[in-house]
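Q: Have a look at this one.
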């Protein structure tokens, strides 16, 4: 079974702090994704990475950056946290088959509260 | 504009009853549609995927249907259980390989 883990289930940070969210997958997947999930909205893609050191912006990259130094690990960084970044953050990974049917496997999520 | 809309937003049913969740999409070209189940405080887990040529697919008590002509899908849950309480999310790929359009989900509560 694919396992995607996220470093924290809950985080409380103050406005202006630098925040690191870590995601690790154990299935040697090339592709990894960061989403945020807000009430009443579908998941929105922040960034994705198709391989080590490779990244592309998603739909809402402003205020975020990412790092992929190792294949199994994908980090999301909030450079200066703001209250509108309070959200549930979900990491996902996927095999890079090129097929649109390929499943994305999600981590349990990190619920971030910025005060 | 490529969109995925789900209805109802929320639903309460009694244990043992059946229910049907709806998903309408305007994504084109269409390749597949996936249903995810998301338990409270957890990440989404794939339930089933429907490709263009499939009309019906079952996964235990879950049955998904797809009408590619009307661009509608439904997820039918039979003999609901308390463990079915979750959000159900409909997802359709759009454009490139990495672009997924997520519906806002239907939150289902099954009461004893």
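The values are calculated or read from the model by the stated rules, or taken from the named source; none is laboratory data. As the structure is a prediction and not an experimental result, all values here were calculated from the model. Every residue, glycine as well, gets a Cβ built from its backbone with ideal geometry; the counts of neighbours run over all protein chains shown.
Q: Looking at (1) facing chain B (nearest Cβ under 10 Å); (2) under 25 Å from residue B:94 (Cα atoms), can you tell me which one residue A:47 breaks?
A: It is condition (1) that residue A:47 fails.
Q: In segment A:99-115, how many residues are in a loop (DSSP other than H, G, I, E, B), surrounded by fewer than 19 Cβ atoms within 10 Å (Cβ to Cβ) and more than 7 Å from chain B (Cβ to nearest Cβ)?
A: Of the residues in segment A:99-115, 3 are in a loop (DSSP other than H, G, I, E, B), surrounded by fewer than 19 Cβ atoms within 10 Å (Cβ to Cβ) and more than 7 Å from chain B (Cβ to nearest Cβ).
Q: Return yes or no: is residue A:52 under 12 Å from the mean Cα position of the chain (by Cα) and surrounded by 13 or more Cβ atoms within 10 Å (Cβ to Cβ)?
A: Working: under 12 Å from the mean Cα position of the chain (by Cα): no; surrounded by 13 or more Cβ atoms within 10 Å (Cβ to Cβ): yes.
When the stated conditions are applied, residue A:52 does not pass them.
Q: I'm told residue B:73 meets every condition in (1) touching a residue at least 12 places away in the same chain (Cβ under 8 Å); (2) away from every other protein chain (no Cβ under 12 Å); (3) surrounded by fewer than 18 Cβ atoms within 10 Å (Cβ to Cβ); (4) within 15 Å of the chain's Cα centre (by Cα) except one. Can you identify the failing condition by its number?
A: Among (1) touching a residue at least 12 places away in the same chain (Cβ under 8 Å); (2) away from every other protein chain (no Cβ under 12 Å); (3) surrounded by fewer than 18 Cβ atoms within 10 Å (Cβ to Cβ); (4) within 15 Å of the chain's Cα centre (by Cα), the lone unmet condition for residue B:73 is (3).
Q: Can you pull out the residues in segment B:59-69 that are within 17 Å of residue B:82 (Cα to Cα) and part of a strand (DSSP E or B)?
A: B:62, the sole residue that qualifies.
Q: Looking at this structure, is residue A:98 over 22 Å from residue B:35 (Cβ atoms), at pLDDT 95 or above and out of contact with any strand residue (DSSP E or B) (no Cβ under 8 Å at 6 or more places or on another chain)?
A: Working: over 22 Å from residue B:35 (Cβ atoms): yes; at pLDDT 95 or above: no; out of contact with any strand residue (DSSP E or B) (no Cβ under 8 Å at 6 or more places or on another chain): yes.
Spelling it out, it is not the case that residue A:98 is over 22 Å from residue B:35 (Cβ atoms), at pLDDT 95 or above and out of contact with any strand residue (DSSP E or B) (no Cβ under 8 Å at 6 or more places or on another chain).
Q: Only one of A:96, A:92, A:81 is crowded, with 16+ Cβ neighbours inside 10 Å and either away from chain B (no Cβ under 14 Å) or farther than 19 Å from residue A:22 by Cα (or both). Can you tell me which?
A: A:81
Q: What is the one condition in (1) free of Cβ contacts under 8 Å to residues at least 60 places away in the same chain; (2) farther than 30 Å from residue A:23 by Cα; (3) within 13 Å of chain A (Cβ to nearest Cβ) that residue B:67 does not satisfy?
A: (3)
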